[in-house]
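Student: My questions all concern the structure below.
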Amino acid sequence: MKFQQVYAVVDSEFRLLWVGGEWDEFALQNAAQHALANHVLSTSLLAHIAGEETRELIASMVGTVLKTKRPLRMEYRCDSPNMARAYLLTIQPMKDDRALMVHDLKDAWHFSPPLNRWNYDPQARDCKCSFCGDIRFGVTQEWTSCDDIGDRHPALVYYEVCNSCREAATKVVEDVLRGDEVSLALDDDRLSEVRQARDHSE
């Protein structure tokens, strides 16, 4: 498994001030040429997130870090049709009401058979969880893991957050508000890049 890390600096208005790591590589892997670094800088992070509930949760997570000056961590999935990919999101407070968002690839495995390719459509019949990738078919209330559906993955999906992921995200925010999260130390290379990001965005 190739190590992958994607990160971004956002301000209190959720503007993308700087992106780094394998940002462009990750965008191309997901057929998102419109999301390359030179296209997203100075735009709103929330404008690039599909699904109102997902946008609200991410805004709450970033806002909580900016308010408390404490870091937040949460695991999530961001799969491709061929690969299941588990990430750790760390949101780290910075000076001047800015936050560093780091996405670390922690694990990856192949789907067998591969999933059908899918596209976002707000009018789609089937729903996909933005955090774990599970699918809810039609009007059913049950969520099915992508690890179990093979080539039955729908071609068109809209995005929501399943009950389990909503509860997990809410708990993470509540833990940070209570001060239960431990501050994360950044290594020297990361600190150097963060300082460069801060300097370039001023």
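Student: Condition first: in a loop (DSSP other than H, G, I, E, B) and in contact (Cβ under 8 Å) with a residue 60 or more places away in the chain. Now tell me which residues in the stretch 151-177 satisfy that. Let's see the steps before the verdict.
Tutor: Of the residues in the stretch 151-177, the ones in a loop (DSSP other than H, G, I, E, B) are 153-155, 161-162.
Result: H153, V161.
Student: Do the conditions hold for G150, that is, is it modelled with pLDDT under 95 and within 17 Å of R77 (Cβ to Cβ)? Don't jump to the end; show me each part of the working.
Tutor: Values: modelled with pLDDT under 95: yes; within 17 Å of R77 (Cβ to Cβ): yes.
Yes; evaluated as a whole, the condition is true for this residue.
Student: Can you tell me which residues in the stretch 122-150 are under 19 Å from the mean Cα position of the chain (by Cα) and either surrounded by 14 or more Cβ atoms within 10 Å (Cβ to Cβ) or not in a loop (DSSP other than H, G, I, E, B) (or both)?
Tutor: Matches in the stretch 122-150: C127, K128, C129, S130, F131, C132, G133, D134, I135, C146.
Student: Here's a follow-up. Do we find that L156 is at pLDDT 95 or above and within 21 Å of the chain's Cα centre (by Cα) in this structure? First the steps, then the outcome.
Tutor: On the way: at pLDDT 95 or above: yes; within 21 Å of the chain's Cα centre (by Cα): yes.
The answer is yes for L156.
Student: Give the residue that is nearest to the chain's Cα centre (by Cα), with candidates limited to residues of the stretch 95-112 that are charged (D, E, K, R) and in a strand (DSSP E or B). Steps first, answer last, please.
Tutor: The initial filter retains those residues of the stretch 95-112 that are charged (D, E, K, R), namely 95-98, 104, 106-107.
Cutting the leftovers down to in a strand (DSSP E or B) gives us 98, 104, 106-107.
Working: R98: 17, D104: 10, K106: 13, D107: 15 Å.
Of everything passing the filter in the stretch 95-112, D104 is nearest to the chain's Cα centre (by Cα).
Student: Suppose we filter the stretch 68-86 for residues that are among the basic types (K, R) and touching a residue at least 40 places away in the same chain (Cβ under 8 Å); how many remain? Lay out the reasoning, then the answer.
Tutor: Residues of the stretch 68-86 among the basic types (K, R): 69-70, 73, 77, 85.
Applying the additional criterion that residues be touching a residue at least 40 places away in the same chain (Cβ under 8 Å) yields 70, 73, 77.
Qualifying residue count for the region: 3.
Student: Continuing with this model, one more query. Restricting the first residue to the stretch 50-63 and requiring it to be within 17 Å of C127 (Cα to Cα), which pairs with a second residue that is loosely packed, with under 15 Cβ neighbours inside 10 Å and not aliphatic (A, V, I, L, M) meet a Cβ separation below 7 Å and a spacing of at least six or different chains?
Tutor: The qualifying pairs are A50/Y120.
Student: Failed condition for L115, given (1) more than 14 Å from the chain's Cα centre (by Cα); (2) surrounded by fewer than 20 Cβ atoms within 10 Å (Cβ to Cβ), with all others met?
Tutor: Among (1) more than 14 Å from the chain's Cα centre (by Cα); (2) surrounded by fewer than 20 Cβ atoms within 10 Å (Cβ to Cβ), L115 violates only (2).
The values are calculated or read from the model by the stated rules, or taken from the named source; none is laboratory data. Owing to the predicted nature of the structure, the values given are computational and were not obtained by experimental measurement. Cβ atoms come from the backbone with ideal geometry, glycine included; neighbour counts cover every protein chain shown.
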